[in-house]
Every structure is written in structure tokens, then in C-alpha cells.
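First the structure, in the form of C-alpha cells, and then the observations on it.
The values are calculated or read from the model by the stated rules, or taken from the named source; none is laboratory data. This one's a predicted model, so the numbers in the text were calculated from it and none came from an experiment. For neighbour counting, all protein chains shown are included, and Cβ atoms are generated from backbone atoms with ideal geometry for every residue, glycine included. Just so you know, the surface numbers come from the protein's heavy atoms only, side chains and all, with ligands and any DNA or RNA stripped out. Shrake-Rupley method; radii C 1.70, N 1.55, O 1.52, S 1.80 Å.
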Amino acid sequence: MKQRKRRFETFPIYNATGICRHLEKMAARGWMVERMSSLWWTYRRIEPQRLRFAISCLPNLSQFDPDNLEERQEFLDFCAHDGWQLACSTAQMHIFWNEEENPTPLETDPKLELQSIRASVRKGFLPGTGLLLLIAVVQLYLFASNCLDNLVETLSNSLQVFAVTAFAVSGALCVTELICYFLWSRRAEKMAPLGSLPPTADAHCLEKGITFLLLILLLVEVIRGIVSGRQTGPWILAIPACLFLLVLIQAMQALRDWLRSRGASRGANRALVAALWITGSVIYGVGIVFLGPAASAADLAIRGAETYTVQGRTYTAYHDPVPLTLADLTGEQSDFCSTRRTGDQTIFLSRYIVTQEPRQDAPDDTKMPWFRYEVVSVRWPALYDICKNDLLESGVVLEQYTLYSYIPADPAPWGAEEAYQRQNNEGMVENSFLLCYNNLLVTIEFDWAPSQEQMAITGRRLASAADS
């Protein structure tokens, strides 16, 4: 029978009501908490029993102080006198249990208890929560800036959309926790002179559920990116990197707790944990350098790409399946062509880019054309005009400087609803077009002037294969 188990818990330090209620339920099921970390709480099996739990904070202590510190031992002896036994501790927070049905309260002075909680919150909870909220706000600002600069690319990037969703949810949870704490603190300040503290608001089930939902969405994103072949290389790097960081964090916490149990001083504990972090960071950096080529090779292998060398330089030739090729337009097949497709999709947009061009080892006497197109499928009708304007203004670098612009063109040859042709900043038209269909936006660039027949083929092929 399993004697220990770990659970992911999300209780802030001030939520004494929620923590004690949770631990009482766990004890009734036969589990006693014995270790708490930032990621997991560890429980050991006990006989199911009805226990009472209480929390007390020693704000002067830190997570690096030795367990045999005199101040701490005196406090534990005082608690044991009334039947309160230490279950575990982390930083300033100490969790006790008692077998009595109505034990003597662990804290007898609500004013002092409130002062201790506030001091502990200022030392750990507020800085950490505030930093996470600041990071979330910065990430939301950067995402909004990216949308202003390049809306289509940003809204079609699944990693960016997932990341901003995760940061937005994290920021909302931080705001919720801060509001809950400050409201509780105000009520506690009014009730403490009357001899008691109010129960804390317990939102940990909501926080835990949202955290697991984000993890599930991340797992779906990883699987989708690898299976589709669009993000195989990055995930081959990211997955081991994340696992290594989790192991490193656990190793740092284990080293910190072991040094505490051995009586190491606060300074020595901090120095050794910092040394482990620096060593781990170096190993992490070296690992990324060595995994990079392997990730690239795996990405190429999955996509069926090949490498070749010309004059001592290595190039890659892609053979990705695409809806429209040069052979469809010119009627000529070539073995010296590289066809590359990249792209991504989100709940907002589906976007892919195809580039077909001659290989570097193509014969000198062979004149081979190239072309490039981008297909954007807009899934939210309200975004269609916004995305179209974003593409029409893609040549505007600064308000006072424009690389190129689009002018209206005849949509009939393309079978499109609207068509635009690009002209450079000198007023000369180029063989580059923006085509607008029902929910589809296509930009396509040729190195030759396409014929009416080629325009018709392009329109039929790309419009029918928008989401393929």
C-alpha cells in the first residue's frame, strides 16, 4: 500500500481557514501533511482520524534558518505543552495538529496573530504575487504591442496566444488573491480588538482547477505542435528544458531542507543553494547548445527535408506538401526545387506560408522561377476587415515612411471578391498581390508577371485548400 503521496496545492500563506479545513479532510482520509514546497505538498499515510489543525507564523524566520534555532525550539515546546504537535513548516508558517476535540487555541491574542500574519505576508506572499502580477501585465502589454505591429502574425501564433492566455489568467488570479487578502485584513483589523479573527476567503479550488486546465491546454498544444510538424524542433528543446528546471527547483528545495535539518546557518544555506542554482544554470545552457542540432535534425527528419552542400556551405531542401506549386502554374517539373511550408493556427486565425524556390545546386543554365504566398483563414468574422487592413498596411514601417503600398486591382481573374496589387515607394507596381475571398486573405508574390490562366489556377487552388 502506498505510504506517501504528493499533491499540487495552491494555498496562500494567509488562508489559514482553507488550509486547516483541507488538512482536516485529508487526516480523516488517512493522510498527514509532512512537507510543503512551492510545487507539491507531501503526505504520509496515517490511521484515519479526526484531528484539529492550526497555523502559526514566526515572521522573523526564513526558509533558510536551521530547524534547531533556539527561538523556534522554544516556540515548539510552548505549543507542545497544550497538545499541539508540529506537522510541518515552511518559511514563517508552521502547521500543528491536535487530537483533542476542543483544544486550547494555539493563538490567544488576535492582535498579535494578525501582526504575525501581516509580517509573514509582506515577507513572502506579497512580493511573489506582486512580481507575478507585474510579469503578467508586461506580457499583456507586449502582446498588445505585437498585435498593433503585426496583428495577423500575432493572432495566428498558437504559442503566443496560449502564453498570453496563461499570463492573463495568472494575473487575474493574483488580483483575486490580493483583493481577498486586503479585504480579510481590513475585517481582521476591526474584529481583532473584539477577540477573534474572521475566516479567510478560500478560492484555492478555483485556482487549482484553472491551473490544471492551463496544464491540459499546454499538453494539447505540445501534442498538436509535434504531430503537425510545425513546432517539433522547439518542443524537443522546450520539454527537456522544462523538466530539467523542475528537477533543479526540487533539488534546491531538498538541499535547503537537508541543510536546515543539519543545523547549517542561514548564510551558509543560502550560499550553497545559490551555488546549486548557478551550477544547474550552466548545465542547462550547455545542454541547450548540444540539444539544438539534435532538435533541428529531428525537425528535418519528420518533415522529410534533406541537406546538401554547395561550396562548403550547407543548405536545406524542403519537400512539404502544398496546395499550389510552380508546376501547377508553369507545367514544368523540376528536381532542383525546395518547397517549404510554415504556419500555425489558433481559435482566431489559421495561417500558413509557402515558399518555392530553386536550390543552390541547380544547374547554372537552368532558369527557374520562384514564388511565395501566404494564406490566412479568418475564423472570427469580426476580425476579417481588421486583418485585411493589417495586411494592406504591412508596408508601413513608420508613419512617415512606407516601403510599399497596395492599390486596387481587378479581382475577376483571381475569382476573388477584392484584389490589390503592390507598388513600391517609387510608384512602380510589382508582381505581388493581396486577394480577398469569403473568409480568406491571400498574399502572393511572383518573380514573373502571371498570366490570366495562372491567376485563375491560383485562385481556385488556394481558395479550395484554405484549411487543408
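Hey, among the residues in the stretch 181-211 that are open to solvent by less than 30 Å² (accessible area, probe 1.4 Å) and in a helix (DSSP H, G or I), which one's farthest from residue 13 (Cα to Cα)?
Ranking the qualifying residues of the stretch 181-211, first place goes to 192.
Go through (1) touching a strand residue (DSSP E or B) at 6+ places or on another chain (Cβ under 9 Å); (2) over 24 Å from residue 253 (Cα atoms) and name the single condition residue 16 misses.
(2)
Pull up the stretch 249-267, narrow it to residues that are loosely packed, with under 13 Cβ neighbours inside 10 Å and over 33 Å from the mean Cα position of the chain (by Cα), then point me to the one that is nearest to residue 284 (Cα to Cα).
267
If you go through the stretch 337-359 one residue at a time, do you hit one that is over 30 Å from residue 161 (Cβ atoms) and polar (S, T, N, Q)?
Checked against the condition, which is being over 30 Å from residue 161 (Cβ atoms) and polar (S, T, N, Q), the stretch 337-359 yields no hits at all.
Give me a count of the residues in the stretch 98-129 that are in contact with a helix residue (DSSP H, G or I) (Cβ under 7 Å, 6 or more places away or on another chain), open to solvent by 50 Å² or more (accessible area, probe 1.4 Å) and not in a helix (DSSP H, G or I).
The number of residues fulfilling the criteria is 1.
Can you name every residue in the stretch 92-116 that is more than 17 Å from residue 26 (Cα to Cα) and in contact (Cβ under 8 Å) with a residue 60 or more places away in the chain?
92, 93, 110, 111, 113, 114, 116 - these are the residues of the stretch 92-116 that are more than 17 Å from residue 26 (Cα to Cα) and in contact (Cβ under 8 Å) with a residue 60 or more places away in the chain.
Kindly provide the set of residues from the stretch 139-161 that are under 11 Å from the mean Cα position of the chain (by Cα), open to solvent by 40 Å² or more (accessible area, probe 1.4 Å) and under 21 Å from residue 345 (Cβ atoms), ordered by number.
Once the filter is applied, which keeps residues that are under 11 Å from the mean Cα position of the chain (by Cα), open to solvent by 40 Å² or more (accessible area, probe 1.4 Å) and under 21 Å from residue 345 (Cβ atoms), the stretch 139-161 yields 159, 160.
Hey, any hits in the stretch 399-417 for a residue that's in contact with a Leu (Cβ under 9 Å, 6 or more places away or on another chain) and surrounded by fewer than 16 Cβ atoms within 10 Å (Cβ to Cβ)?
Yes, some residue in the stretch 399-417 is in contact with a Leu (Cβ under 9 Å, 6 or more places away or on another chain) and surrounded by fewer than 16 Cβ atoms within 10 Å (Cβ to Cβ).
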